[in-house]
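Okay, structure first, notes after.
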Amino acid sequence: MLTVDFSRFPLAPGDRVLDLGCGAGRHAFECYRRGAQVVALDQNAEEIREVAQWFAAMKEAGEAPAGATATAMEGDALALPFPDESFDVVIISEVMEHIPDDKGVLAEMVRVLRPGGRIAVTVPRYGPEKVCWTLSDAYHEVEGGHIRIYKADQLLARMREAGLRPYGTHHAHALHSPYWWLKCAFGVDNDKALPVRAYHKLLVWDIMKKPLATRLAERTLNPVMGKSFVAYATKPHLPRAGAEAGTGMGTGTGTGTGTDTVTAAEAGAATP
């Protein structure tokens, strides 16, 4: 189940991709299938071992094209073990709501992203997430749990402050919001409650079968109750020294004075 929409977030074979806080690896696997050179990084050693095993299985099964590479490694999102401008693409999905220093994480992502590169950020959407917090303290008051709820404009402002240029947003996973509301209502650790079990069965069926009816329903409901908010951005190029001297303008990567432009493919796919 992907949260990032790759029709809005172009990925080319050979792109160097960092999936930061990769978890079980769902986005890293998709990037690998698309021919990217993927690094999946997480602080959870057990999940990283499982992701590495899946990468090996995918390679054995021929699921990745020639030239694609995949590495799974432990690491700290606030101290990434990579040189500046190491990646063409960075994905961070459902991670920033867990980290106290979200500005520090954004700064590290911008540091390792090349100028002109692209970032996808996904977080729980404010409305559905607020319902979960209201229904259950146990949902978020756990070690490593959610410590904040982002409003869309707050997240976009943080991204701009970090020097990024957002170019598109959307919502995802509307059908998953009721599942989490049920979990919070009946107890986040109570998987035996009949409504929870029944709805989980529906979600598994939907993920496996992808029927047209539920795809259309989710597309219709996403703007209203999508569980995730997704934002896409580019890292602008710095102005060339000659142009800067001719105009007398300063640099500043987050002010819109850089020379970077969104590609035609991105512009066509960026409608929220």
For this session: Enumerate the amide H contacts of residue 68 below 5 Å, restricted to partners 5 or more residues apart or on another chain; note that Pro and chain-start residues carry no placed amide H.
Result: none
Exercise. Given the pairs 210/235; 151/183; 201/227; 103/192, which span a C-alpha to C-alpha distance of over 28 angstrom in this model?
Worked result: 210/235; 103/192
Seminar exercise, completed: Asserting the computed 222 nm helical MRE of the chain (DSSP H runs at least 4 long, -39500 (n - 2.57) per run, divided by residue count, to nearest 500) equals -12000 deg cm²/dmol
For this session: Would you mind checking the radius of gyration and Dmax of segment 58-192 based on alpha-carbon positions, in Å?
Result: 17.6, 49
Exercise. Looking at 213, 169, 113, which one has the Cα that reaches farthest to the positive end of the dipole of the chain (charges on Cβ: Lys, Arg +1; Asp, Glu -1)?
Worked result: 213
Exercise. In whole Hz, what ³J(HN,Hα) sequence does segment 214-227 give by Karplus (6.51, -1.76, 1.60; θ = phi - 60°), x for Gly and Pro?
Worked result: 6, 5, 5, 4, 5, 4, 5, 7, 3, x, 8, 9, x, 5
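Return the percentage of antiparallel bridges among DSSP beta bridges fully within segment 1-116, rounded to the nearest 5 %. The partial results should precede the final answer.
Numbers: 1 of 17 bridges.
Looking only at bridges with both residues in segment 1-116, the antiparallel portion is about 5 percent.
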Exercise. So who's got an amide H within less than 5 Å of the one on residue 116, skipping anything under 5 residues away but keeping other chains? H placed 1.01 Å off N, in plane.
Worked result: 235, 237
Problem set entry | Solvent-accessible heavy-atom area per residue, rounded to whole Å², over segment 95-149 at 1.4 Å | 40 Å²
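Based on the alpha-carbon gyration tensor of segment 1-113, what equivalent-ellipsoid semi-axes (square roots of 5 times the eigenvalues) come out, in whole Å, largest first?
Values: eigenvalues 93, 49, 33 Å².
Whole-Å semi-axes of the equivalent ellipsoid: 22, 16, 13.
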Seminar exercise, completed: With the charge dipole of the chain built from beta-carbon charges (+1 for Lys and Arg, -1 for Asp and Glu) about the Cα centre, the Cα from 181, 123, 147 projecting farthest to the positive end belongs to 181
Seminar exercise, completed: Between (i) 47, 44, 42; (ii) 55, 47, 36; (iii) 69, 44, 38, the structure-derived Cα extents along the principal axes in Å is (iii)
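The values are calculated or read from the model by the stated rules, or taken from the named source; none is laboratory data. Note that this is a predicted model, so its numbers are computed, not measured. All Cβ positions, glycine included, derive from the backbone under ideal geometry; neighbour counts span all protein chains shown. Note: accessible area is taken over every heavy atom of the protein model, side chains too, but ligands, DNA and RNA are not part of it. Shrake-Rupley method; radii C 1.70, N 1.55, O 1.52, S 1.80 Å.
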